[in-house]
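Nothing in this text is a laboratory measurement; each read-out follows from the coordinates by a stated rule. Computed from a prediction, not measured in an experiment: that's the story for all the values here. No Cβ is skipped: glycine too gets one built from the backbone with ideal geometry, and neighbour counts run over all protein chains shown.
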Amino acid sequence: MKAQLLDALRDACGDAAVLADAASIEPYVTDWRGTFVGRASAVVRPASTEQVSEVVRICSDARIPIVPQGGNTGLAAGATPLQLRDAIIVSLSRMRRIVSVDADAYAVTVEAGCVLADVQQAARRAERLFPLSLAAEGSAEIGGLVSTNAGGTAVLRYGTMRSLVLGLEAVLPDGRIVDGLRALYKDNAGYDWKQLFIGAEGTLGIVTRAVLRLFPMPRERVTALIGIDLSETALRVFSHLQTMLGETLSACELFPDRALALRVAYEPGLRRPMAEHAWYLLVEATSSLSTLRTAAEEAFVALDDAGLAGAIVIAENSAQARALWEWRETITETEKRTGRSVKHDVSVPISAIPEFIARATERIERDHPGVTVLAFGHFGDGNIHFNVLVPGATTAVVDAISAAVYEMIADFRGSITAEHGIGRYRRNELLAHRSIFEMDLMRTVKRALDPGNVMNPGAVLEE
Ligand code: FAD
Ligand code: MLT
Ligand code: ZN
């Protein structure tokens, strides 16, 4: 990279904001799992929207690829500059100001580098709830969460990030700033352009600030773990709880005993939260009505009477609830410790989840002796992480496994990614699973906003 470009970036953001030595760059070019390692000429860490705009203008004029990055917890290599020459990573992590919390407007305005847990806490202090929740919430940043349209464990009740963004500010690929920072719940004035940036994985511009939707903080919370022996039973349990608890049901997560066994193997001495069952559903209901616990207990008794639950553990306090959630939230970390795994972040209609899991597991484990399916996820919104542990498998085997999973997903009319996105990891699958017309539509949007293809080239679409 030309020294004068680095000088221009330093002039724009200050010397300390530009990292150009290999050791400093290394963590930014390595993805969370350590599976992908890319290359970058420098990392720039602007401190304001104006600085982001200046950096983008400099790179765009010099036709240097820009890779926006937040907490670098993405699981699709969207923030990892693979196969790019001279790329500049623009890290938003210094922009972590909670600009304002307007409790009466049920809105919080934040900079893109705010960590999700900090936003949740700011809302909590104002007796409001920001409901987005996921295991990476201690590191994932709002800009990344917006750009991946993140899901997580409360989508069942509150939707994905798309439904939580009221307003957005972004820097376009030519450096212009577009300000849509409105805290409006209703706004039909022309195209809702902010939706283009949500889920665009940094390919259309850089998100610099967002206005996010808040909710009343529920006063009551019931968390329970339900042990079941067949994955088909999960559907009946879910349907029963939906009928009895309705809109108060905010989470319904499914995971197999395999996940617990793996954690116990790494943390000897840890005891399972209940007697062993093949599958578990972790459910949570929240409400501000004081009758919630009684209603939930009635629902659990009825589950038991109907013979649907092998066992039920109801958390008696928030510490117990946290301990139950830990069994669910540590699965991805534990999976990482096992070494190589092939991730499939798929969705199918909720009614088809048990059949999909059963058929896909049977096929993959039969055709590839030695691999282990670890299927878990967000049952309540149809999103299963059909991950496969593949110790020592060759690339050909890994490719064959993914091809089989995606073939079955097509049979179920599901999606090849429900929440993690395409990034650079699933680009070929996107081509194979979306129609020519849909791909053309996406390319048309990309060309209109980024004719020079400087903004995260190679993510989502071909370079
Ligand atoms: P990054 O990884 O830094 O970037 C992700 C993408 O967004 C990249 O394409 C990047 O270029 C782009 N980007 C980042 N910041 C900006 C910006 N300001 N403007 C424009 N583009 C930008 N995801 C879920 O949806 N649900 C889950 O339940 C979930 N659980 C997870 C659990 C664990 C343990 C881990 C490690 C990850 C999990 N994820 C989950 C994936 C990940 O946390 C999310 O994708 C998250 O949204 C990424 O945020 P980030 O700030 O780390 O983004
Ligand atoms: C989760 O829900 O824990 C992650 O999105 C799943 C994964 O790591 O595959
Ligand atoms: Zn998930």
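Let a ≥ b ≥ c be the square roots of the eigenvalues of the Cα gyration tensor of region 137-185; is it rounded (a/c under 1.5), or, if not, prolate (a/b larger than b/c) or oblate? Note, shape of region 137-185 comes out oblate.
Lysine pair count for the chain with Cα-Cα distance under 29 Å and sequence separation of 8 or more or different chains is 5. The H on the amide N of Thr208, modeled in the peptide plane, is under 5 Å from the matching H of Glu169, Ala170, Val171, each at least 5 residues off or on a different chain. For region 307-448, averaging the sequence separation of C-alpha pairs within contact (under 8 Å, six or more residues apart) and dividing by the residue count gives a relative contact order of 26 percent.
Using C-alpha pairs under 8 Å with a sequence gap of at least 6, the mean separation divided by the residue count of the chain gives a relative contact order of 15 percent. When the alpha-carbon atoms of region 85-194 are used, the pair Rg, Dmax equals 14.4, 48 angstrom. A simple spin-label model places pseudo-atoms 7 Å from Cα toward Cβ; at Arg366 and Thr395 they are separated by 3.0 nm.
A dipole drawn for the chain from +1 and -1 charges on Cβ atoms has a positive end, and of Val348, Thr203, Gly269 the residue lying farthest that way is Thr203.
Seen through its C-alpha gyration tensor, with square-root eigenvalues sorted a ≥ b ≥ c, region 1-112 comes out oblate because a/c lies at 1.5 or above while a/b is not bigger than b/c. Mean separation of Cα pairs under 8 Å and 6 or more residues apart, divided by the residue count, gives region 105-259 a relative contact order of 30 percent. Two numbers describe the Cα atoms of region 218-334: Rg and Dmax, which are 13.9, 41 Å. At q = 0.06, 0.07, 0.08, 0.14 Å⁻¹ the log10 of I(q)/I(0) for the chain amounts to -0.27, -0.37, -0.48, -1.40, computed by Debye summation with a single uniform scatterer per C-alpha, solvent ignored. Shape annotation for region 161-286: C-alpha extents along the principal axes are 58, 36, 28 Å, from largest to smallest. Taking Cα centre as origin and charging only the Cβ of basic (Lys, Arg, +1) and acidic (Asp, Glu, -1) residues, the dipole magnitude of the chain rounds to 600 debye. Eigen-decomposition of the gyration tensor built on the alpha-carbon atoms of region 360-410 gives equivalent ellipsoid semi-axes of 20, 12, 9 angstrom, largest listed first.
What shape does region 359-463 have by the C-alpha gyration tensor, where a ≥ b ≥ c are the square roots of the eigenvalues, rounded means a/c under 1.5, and otherwise prolate means a/b greater than b/c and oblate the rest? Taking the square roots of the gyration eigenvalues as a ≥ b ≥ c, region 359-463 is prolate. Ellipticity at 222 nm from helices only: DSSP H runs of n ≥ 4 in the chain, each -39500 (n - 2.57), divided by the residue count, give -10500 deg cm²/dmol. Between Ala8, Ala403, Leu282, the Cα set farthest toward the positive side of the dipole of the chain (charges on each charged residue's Cβ, about the Cα centre) is that of Ala8.
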